1. Looking at region 185-202, is at least one residue β-branched (Val, Ile, Thr) and within 20 Å of the chain's Cα centre (by Cα)?
2. For residues in region 33-50 being buried (at least 24 other Cβ atoms within 10 Å of the Cβ) and among the hydrophobic types (A, V, I, L, M, F, W, C), which is farthest from VAL115 (Cα to Cα)?
3. Which members of region 61-101 meet the condition of being of a type in the set (S, T, N, Q) and farther than 18 Å from PHE121 by Cα?
4. Can you name the helices (runs of 4 or more DSSP H) wholly within region 138-229 that have at least 3 residues being of a type outside the set (Lys, Arg) and more than 30 Å from ASP52 (Cα to Cα)?
5. I want to confirm something. Restricting to region 125-183 and keeping residues that are over 15 Å from the mean Cα position of the chain (by Cα) and of a type in the set (Asp, Glu), which single residue is surrounded by the fewest Cβ atoms within 10 Å (Cβ to Cβ)?
6. Would you check which residues across region 92-111 are within 17 Å of the chain's Cα centre (by Cα) and surrounded by fewer than 23 Cβ atoms within 10 Å (Cβ to Cβ) and list them?
7. Which ones in region 223-242 are surrounded by 15 or more Cβ atoms within 10 Å (Cβ to Cβ), over 16 Å from the mean Cα position of the chain (by Cα) and at pLDDT below 95?
8. Could you tell me how many of the residues in region 72-113 are closer than 14 Å to GLN62 by Cβ, outside any helix (DSSP H, G or I) and aliphatic (A, V, I, L, M)?
Amino acid sequence: MAKIFAIANQKGGVGKTTTSVNLAAALAKLNQRVLLIDLDPQGNATMGSGIDKRAVTRTVYQVLIGLADIRESRVRSEAGGFDVLPANRELAGAEIELVDFDERETRLKEAIAAVDHDYDFVLIDAPPALSLLTLNGLCAAHGVVIPMQCEYYALEGLSDLVATIKTVHANLNTNLKVIGLLRVMYDPRMTLSQQVSAQLERHFGDKVFRTVIPRNIRLAEAPSHGLPGVVFDPDSKGARAYVEFGSEMIERLAHL
């Protein structure tokens, strides 16, 4: 039975898609069967996995509105060694169309149930907004991984996201919990980074992952080559950190 996680943060530009793609590739390297669901109409996780979002004929959009299932829509990321349920701009229309559906918040959960036993991990790259798409991701997930930069505004956005997760837990998905906070784009030379990191550890304790993802140019370059950073330059600091994070995820889940 797959462990299903939403990679979520309501603030944009925090390395959410980078984390989704590289965690998928890292888990695949660690011999896990992984499905990455791109739930963002920008389709960046699709492209970052080496899949042309303009060329796919079936996407998460068709799955959500009931025109296809995951088995016939998933695409293999040959570079990353995992499966992808791709997304493109069509997905933006799902917001409007889903409003008329019964149980519109649980469409993705129902779709994943059909492939539950095909995977060890299902990772959902949620869009950076509280939308019907994000709600579908949170309702389908067992937990949320929150990537965040160690800066002041990130702390502001974090309290909003935690409040959202509590609301979804109370009303729609009682299994949902915060699995952990992942510090990304970390620059140890900046005093503010160190201060915010220490503040997170004090406030959230063991909810903060041990692994810290450093600011790394190779991770930023990888998507332009259609490769996860873990594959593009396996020896870079960023790639090694994501593989370490994959190991920590597996270890942490063994104790849940």
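1. Step one: list which residues in region 185-202 are β-branched (Val, Ile, Thr), which gives 191, 196.
Restricting the remaining residues to those that are within 20 Å of the chain's Cα centre (by Cα) gives none.
Taking every residue of region 185-202 in turn, none turns out to be β-branched (Val, Ile, Thr) and within 20 Å of the chain's Cα centre (by Cα).
2. ALA45
3. Across region 61-101, the qualifying residues are GLN62, ASN88.
4. Numbers: elements: 152-171, 191-204, 217-221.
Helices (runs of 4 or more DSSP H) meeting the threshold: 152-171, 191-204.
5. The residue in question is GLU156.
6. LYS109
7. Answer for region 223-242, where residues must be surrounded by 15 or more Cβ atoms within 10 Å (Cβ to Cβ), over 16 Å from the mean Cα position of the chain (by Cα) and at pLDDT below 95: just GLY226.
8. Qualifying residue count for the region: 3.
The values are calculated or read from the model by the stated rules, or taken from the named source; none is laboratory data. Quick caveat: nothing in here was measured; it's all calculated off a predicted structure. Cβ atoms come from the backbone with ideal geometry, glycine included; neighbour counts cover every protein chain shown.
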